[in-house]
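What follows is a set of notes on a single structure, which appears directly below.
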Amino acid sequence: MDKFKLIIVEDVPLELKGTEGIVRNEIPEAEVIGTADDELSFWRLIKKQQPDLVLLDLGLGGSTTVGVEICRQTKEMYPQVKILIFTGEILNEKLWVDVLDAGADGIILKSGELLTRHDVRSVMEGKQLVFNEPILKRIVERFKRSVSSELASQEALIDYEIDEYDERFLRHLALGYTKEQITTLRGMPFGVKSLEKRQNELVKKLFPGGESVNATRLVVRALELHILDIDNLVPDSE
């Protein structure tokens, strides 16, 4: 790994000292050209001398959004600068998504293996989305659940003979659409009476006992059987 210039953004003195120790002992190629404990000091530093890498904590001054905005604005103004998040926000998954959307090159959680030379080298060599083991474990768990949910949905569509129109009809009922509104959807070639008939047929498929149920109970049953995915209830274009 070639030598590179580094700015560390961290507002907790003890953690800054620890991070500087890791860099000094594990990453000799890094030249720390400055440290910042808030947004203003960071902008003064980067305008004075542009780094190759910013090691950015997210929780600055008790605010997590400051770190996200530093990342976003840095990537807009200095797109060639790498940004590696080094954060103690180990439970805030929404924050991880926000900072990745803001252009971060990776996230290292302050737990487990912490920051390693391998992580930094991966970022500096252009690898995208570098994570350490704690966050990787969470990502893999979410991936496995997502795939399992998709497979369950596909199997349910086949087992209960649910076609495209059934799925669209149920999905929009779940979103609170009336039958009249559903008939106006692009590519939905049914009137209200046809949808009522389709609803009755779906009740027979999903409630083989022959009980009478309303649209709400039908939708709940579709969710229970994974015909609908509660995380992907998105309306079609009207």
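Compare Ile85, Ile139, Ile162 in a GNM of the chain, Cα atoms joined below 10 Å, and give the one with the largest fluctuation.
Fluctuation is largest for Ile162.
So, in nm, how far is label Lys3 from label Ser194 when the simple model puts each one 7 Å beyond its Cα toward the Cβ?
7.4
With the chain treated as a Gaussian network of Cα nodes joined by springs under 10 Å, which of Ser153, Ser63, Ser212 yields the largest mean-square fluctuation?
Ser212
Of all the accessible heavy-atom surface of region 24-110, with the other protein chains kept in place and a 1.4 Å probe, what percent is carbon and sulfur?
49
Give the accessible surface of region 4-152 per residue, rounded to a whole number of Å², with probe radius 1.4 Å and ligands, DNA and RNA excluded.
Per-residue value: 52 Å².
Which FRET efficiency value, to the nearest 0.05, is calculated for Leu14 and Thr116 with the Förster distance at 22 angstrom and r the Cβ-Cβ distance?
0.60
Under a crude label model (7 Å from the Cα following the beta-carbon direction), how far is Arg24 from Ser146 in nanometres?
Here the answer is 4.1 nm between the modelled labels.
Past the 23 Å Cα-Cα mark, which pairs from Lys48/Lys75; Lys3/Lys94; Lys3/Lys137?
Exceeds cut-off: Lys3/Lys94; Lys3/Lys137.
Check Val32: other-chain or 5+ apart residues with amide H under 5 Å from its amide H, H built from backbone geometry?
Leu6
Please compute the net charge surrounding Ile139, taking Lys and Arg as +1 and Asp and Glu as -1 over other residues with Cβ under 13 Å from its Cβ.
So the surrounding residues net to +2.
Return the carbon/sulfur percentage of the accessible area of region 137-238, one whole number, probe 1.4 Å, all protein chains in place.
Of the solvent-accessible surface of region 137-238, carbon and sulfur hold 51 percent.
For region 81-186, just say rounded, prolate or oblate: build the C-alpha gyration tensor, square-root its eigenvalues into a ≥ b ≥ c, call rounded for a/c under 1.5, and beyond that prolate if a/b exceeds b/c, oblate if not.
prolate
Looking at the chain as a GNM with Cα springs under 10 Å, which of Val140, Val203, Val213 has the largest mean-square fluctuation?
The residue with the greatest mean-square fluctuation here is Val213.
Between Asp101 and Lys137, what is the label-point separation in nm under the 7 Å Cα-to-beta-carbon projection?
Result for the modelled spin labels: 2.7 nm.
Lysines within cross-link reach of Lys204: Cα-Cα under 24 Å, excluding same-chain residues under 8 positions apart?
Partners within reach: Lys179, Lys193.
To the nearest 0.05, how large is the calculated FRET efficiency for Lys48 and Ile90 if R₀ is 35 Å and r is the Cβ-Cβ distance?
0.60
For Asp236 and Lys127, what is the calculated FRET efficiency with R₀ set at 45 Å and r taken between the beta-carbons, to the nearest 0.05?
Between Asp236 and Lys127 the formula returns 0.75.
Multiply the residue separation of Leu40 and Glu211 by 0.36 nm, subtract the distance between their alpha-carbon atoms, and state the gained length in nm to one decimal.
Answer, rounded to one decimal: 55.0 nm.
Given the C-alpha centroids of region 52-96 and region 136-186, what is the distance between them in whole angstrom?
35
The values are calculated or read from the model by the stated rules, or taken from the named source; none is laboratory data. Everything numeric here is computed off the predicted structure, so don't read it as measured data. Every residue, glycine among them, receives a Cβ derived from its backbone with ideal geometry; neighbour counts consider all protein chains shown. Quick note on the areas: whole protein, heavy atoms, side chains included, nothing else; ligands and nucleic acids left out. Shrake-Rupley method; radii C 1.70, N 1.55, O 1.52, S 1.80 Å.
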